[in-house]
Each structure stands twice: as C-alpha cells, then as structure tokens.
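I am attaching a structure below and will ask some questions about it afterwards.
The values are calculated or read from the model by the stated rules, or taken from the named source; none is laboratory data. Everything numeric in this text was worked out from a predicted model, so none of it was measured. Glycine also receives a Cβ, built like all others from the backbone with ideal geometry; neighbour counts cover every protein chain displayed. Accessible surface areas use protein heavy atoms only, side chains included; no ligands, DNA or RNA. Shrake-Rupley method; radii C 1.70, N 1.55, O 1.52, S 1.80 Å.
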Amino acid sequence: MFKLKTLFAAALVCAAPLLAHADKLADIKAKGAIRIATTIDAAPWGFTDSAGKPTGLDVELAENVAKAMGVKLELQQVTGANRIPYLLSNKVDVVIAALGSSPERAKQVAFSKPYAAVYLGVYGGKGTPKFAKVADLAGQTVAVPKGSTPDLSLSELAPGAKLIRLEDTASTVSAFLSGQAPLFAENNFIAQKVADENPAKGIEMKSLIRISPAYMAVQPGETALLAEMNRIIDAKTADGSLAALRLKWFKDEQKEVK
C-alpha cells in the first residue's frame, strides 16, 4: 500500500507541469476579456482615424472576435517587429496584425486559417526601374519594416539587396519619401495608400515578391483558443461578413481566400 501511495504521489509530481498549464480560452472566458494585438501604423489594416480612434480591418476584426466570444476587447498596439514577442511573453492572447507566415514563424506560433491576402512587393517612384525577378534587386537599397513578412521574404529571396530595417511601417515609408531609400517593400494595400497620398511620386510596384495570406496567431499548444479563432473565421466566411469587411477596407471581397 505504501508503495502504491508513493508511486501515486510521484505521478502527481510529474503531472504537475501539465496540470499547471492554463487553457487560455478558459482564462479568457473566466476573465470576460480578450487581449488582441494589432498594428496601428499600417492602414488599412490598423490606424487611427481623425478622432484618434483605432480603426481598420484588423481592428474591426478584433472587435468582431470579442463580440463573437461575448467578452470585452482589450486592444494592444504593436509594431511589426514586436507582434510575436508580445504574444510569446503573454502580453496578449491573440495577434491580429497583418501577420504573414514563414517557416521560422511557424516554429514560434500557431496560425489560424487565413482571413485575408495581400500582394507583397517592392515599390518605387517614377524613374526607378522595374525588376523582373526579386533576385534582380541585388545591390538595390530597399527600406523594410524590421521583422515584417517583406523583410523575411527579401532576406531569403534577394540576399544581395541592401535592406534598411526600420522600426515600423511609418518609419519605412518616411525613409522612402525622404529619399533615404529609393525603394520600399510592403503589401499592396499599404503601398496604394502611400501612392494616393503622394501622387507626385508616381509610386508603383517594381517587383512582386509573392502573394501573402494574413493569419491570426496564438501561442503554441493553445489548441482550444486556436479552434475558437478558426470557428469564428469559418462563421464569418459563411455569413459573408468577412468578405464584406475586406470589401470595406480593401475594396476587394477576396472571396478566394480560404
């Protein structure tokens, strides 16, 4: 009997780390609030309106997620570089911040189903040549948001390019507009907004990097929370509200996003 009790006690000790692991979905429901990270410097994904209020596709989607779960939204502003660190350090529960996937990121976080897609490209003004292949950017100076999908993609596909890594999208665009870099890399929606605001520059895509879906992300192992995010994406895809959200902010329903 003593031996059995000893073995049982030992088993409990070994299981303690597993028992101590919290189910984040259960925590969110118990607290009645979800912490979601979005960028506020990357229109139309996330930005502040004329009244200083956060808005954009990611912000509105975060609001919809909280509403679908019946909890309060605690919005956390992040940059492209600190989106994943904020998630892994437990400062947020979910990232909805124009986050593309890569093999490196897939080792760090768990991705949901895609909720939108963009064209990643290298952009420049009139007089700047076009490049048939991304690899042809060797020797060219390109401003990129540090740690972003364009940064990771160009590092892999155009190792010869001279990348100026800036803290966020706003700094990247400023570097281009000020002449610090003749080219910048971003997704087509952000680039189009920059072009619309600076028509004299004649901004256009100079090289296509790739098509990049955007995903929500949660911490690895949070299978229940990930399933809940996918359930919400599926429901909003089925009722057409996700396509309507993309149409509102991107002027494109992107019904092919699966």
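I'm trying to understand the selection: among the residues of region 41-57, which are without any contact (Cβ under 8 Å) to a residue 60 or more places away in the chain and within 13 Å of Lys248 (Cβ to Cβ)?
Within region 41-57, just Thr55 meets the criteria.
To keep it simple, each residue is scored yes or no on (1) among the aliphatic types (A, V, I, L, M); (2) farther than 30 Å from Ile34 by Cβ; (3) out of contact with any Lys or Arg (no Cβ under 9 Å at 6 or more places or on another chain).
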residue	(1), (2), (3)
Leu87	yes, no, yes
Gly127	no, yes, yes
Glu167	no, no, no
Leu183	yes, yes, no
Asn187	no, no, yes
Val194	yes, yes, no
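Could I ask something else about it? Scan region 238-253 residue by residue and report those that are in a helix (DSSP H, G or I), open to solvent by 70 Å² or more (accessible area, probe 1.4 Å) and either over 21 Å from Phe189 (Cα atoms) or not aliphatic (A, V, I, L, M) (or both).
Within region 238-253, Ala238, Lys248 qualify.
Moving on to the next point. Which residues, counting only those in region 207-235, are surrounded by fewer than 22 Cβ atoms within 10 Å (Cβ to Cβ), of a type in the set (D, E, K, R) and either in a strand (DSSP E or B) or out of contact with any Lys or Arg (no Cβ under 9 Å at 6 or more places or on another chain) (or both)?
Arg210, Arg231
Which helices (runs of 4 or more DSSP H) sit wholly inside region 1-93 and have at least 2 residues that are modelled with pLDDT of 95 or more and of a type outside the set (A, V, I, L, M)?
Ranges flagged: 24-31, 57-69, 83-88.
Here are the criteria: (1) under 21 Å from Leu57 (Cβ atoms); (2) in a strand (DSSP E or B). Tell me which single one Gln192 does not satisfy.
(2)
Of a type outside the set (Val, Ile, Thr) and surrounded by 23 or more Cβ atoms within 10 Å (Cβ to Cβ): which single residue out of Gly80, Gly100, Gly70, Gly52 fits that description?
When all the criteria are applied, what remains is Gly80.
So in region 148-165, with the set limited to residues that are under 12 Å from Glu186 (Cα atoms) and either open to solvent by 20 Å² or more (accessible area, probe 1.4 Å) or among the hydrophobic types (A, V, I, L, M, F, W, C) (or both), which one is modelled with the lowest pLDDT? Spell out how you get there, then give the answer.
Narrowing region 148-165 to residues under 12 Å from Glu186 (Cα atoms): 148-154.
If we keep only those that are either open to solvent by 20 Å² or more (accessible area, probe 1.4 Å) or among the hydrophobic types (A, V, I, L, M, F, W, C) (or both) too, we end up with 152, 154.
On the way: Leu152: 92, Leu154: 96.
Selected residue: Leu152.
Taking Ala181 as meeting all but one of (1) surrounded by fewer than 19 Cβ atoms within 10 Å (Cβ to Cβ); (2) hydrophobic (A, V, I, L, M, F, W, C); (3) not in a helix (DSSP H, G or I), write down the number of the exception.
(1) is the only condition that Ala181 fails.
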